[in-house]
């Protein structure tokens, strides 16, 4: 049976660049924002989650109060971190690979505090082979 990956990446070119070689071996479902990723997680089980940290929310808000009510813990555009929290709060133990441009130690520490087993690859320092190798290791 083919292993499935939910890849949460809003940048089409980044997604294509990294997923091309992986899609030959695994089935990849792409989500482009926080809300569409949550919907996929709620509907389907995956063998691996690949998550970017800087993501749009996917929420169309009418007011600041609605934003505060819907996503009170989110600041800036780090919806990927909130998505990781959501996955682990649901007691889903599926491996997570973070592929992102975010290199700030504070954000890395935040992610590893949620789950120290999460793997982390910086997009601009990685090749498609680096990502493929890590995916193969996790699956």
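The values are calculated or read from the model by the stated rules, or taken from the named source; none is laboratory data. Keep in mind the model is a prediction, meaning the values are calculated, not measured. We place every Cβ from the backbone using ideal geometry, glycine too, and count neighbours over all the protein chains shown.
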Next item on the list: Go through the residues of region 109-120 one by one and say whether even a single one is farther than 16 Å from residue 35 by Cα, in a strand (DSSP E or B) and in contact with a strand residue (DSSP E or B) (Cβ under 8 Å, 6 or more places away or on another chain).
Entry: yes
Item checked: Neighbours by Cβ (under 7 Å, 6+ apart or cross-chain): first from region 44-70, closer than 22 Å to residue 134 by Cβ; second at pLDDT below 85 and surrounded by fewer than 16 Cβ atoms within 10 Å (Cβ to Cβ) -> 54/77; 55/77
Next item on the list: State which residue is surrounded by the most Cβ atoms within 10 Å (Cβ to Cβ) when the search covers only region 121-139 and only residues that are within 16 Å of the chain's Cα centre (by Cα) and assigned to a helix (DSSP H, G or I).
Entry: 135
Next item on the list: Tell me which of these residue 69 doesn't satisfy, since it passes every other one: (1) in a helix (DSSP H, G or I); (2) within 23 Å of residue 108 (Cα to Cα); (3) at pLDDT below 85.
Entry: (2)
Note to self: I'm trying to understand the selection: among the residues of region 6-25, which are out of contact with any helix residue (DSSP H, G or I) (no Cβ under 7 Å at 6 or more places or on another chain), closer than 23 Å to residue 87 by Cα and not in a helix (DSSP H, G or I)?
What the structure shows: 10, 11
